[in-house]
1. Keeping all protein chains in position, work out how much accessible area Glu63 exposes to a 1.4 Å probe, and write it in Å² to the nearest 10.
2. Keeping all protein chains in place, calculate the accessible area per residue for the chain (probe 1.4 angstrom), answer in Å².
3. Which one of Gly156, Met138, Tyr76 has its Cα pushed farthest toward the positive end of the charge dipole of the chain, where Lys and Arg give +1 and Asp and Glu give -1 at the Cβ?
4. When the expected Rg is taken as 2.2 N^0.38 Å, what fraction or multiple of it is the alpha-carbon Rg of the chain?
5. Say we join alpha carbon atoms closer than 10 Å with springs in a Gaussian network model of the chain; which of Leu61, Leu131, Leu19 then has the biggest fluctuation?
6. At a 1.4 Å probe, what is the % contribution of carbon and sulfur to the accessible area of the chain?
Amino acid sequence: YRVTVLGSAETCGKRLETLLVRGRCEFKVGNLLKLPYEDRAFDVVISYRLLPHVTRWEQLLRELTRVARELVIIDYPSVRSFNWLAGNLFEFKKRVEGNTRPFTCFKEADLVRLCNTLGFTPVDRYPEFFLPMLIHRMVQLPRLSAAAEALFRGVGITSRLGSPVIVKFRRITTP
């Protein structure tokens, strides 16, 4: 695959240095709300851990779907999860994690509705965790976290109340 990563500033590329040196991806700087690409420039467009931090998220989704030929894959924190407590616990979360930022939680129906108007329909979804990441970071026992999450996934709780949720949208309009 040819992978292009777009960041809002040059510093965003720092984490990619080893991949860039190996030629595994290309890094560009540009406006995330006015993507510097032609319509349908990419087969697949992925936005991961970004949507909840963008205040003009509708504009971001419009741009992602505009430059996607086939698929758009996003993730979002769901209101149907422990994230509904996020606002009340933000200061505590900030003390524990240090570098956290405020974020918006979403109803999947709102994202689906907008994407439908943009010519995309959901074809797959994957709720990642039942327990908040804050708990996993506090406990610092990866095996215990993995076992707990496997239990919640096994009994079906994660599929209903997990977050963040990864959703894959496929273009439904003709080229």
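The values are calculated or read from the model by the stated rules, or taken from the named source; none is laboratory data. This is a predicted model, so every value here is computed, not measured. FYI the Cβ positions are ideal-geometry reconstructions off the backbone, even for glycines, and counts take in every protein chain you see. The accessibility values were calculated without ligands, DNA or RNA, using every heavy atom of the protein model including side chains. Shrake-Rupley method; radii C 1.70, N 1.55, O 1.52, S 1.80 Å.
1. Surface open to solvent at Glu63 totals about 20 Å².
2. Details: 11280 Å² over 175 residues.
Solvent-accessible surface per residue comes out at 64 Å².
3. Comparing the listed Cα positions along the dipole, Met138 ranks first.
4. Working: Rg = 17.4 Å, N = 175, 2.2 N^0.38 = 15.7 Å.
Against the compact-globule rule of thumb, the ratio is 1.11.
5. Looking only at Leu61, Leu131, Leu19, the largest GNM fluctuation is found for Leu19.
6. It is 57 percent, rounded to a whole number.
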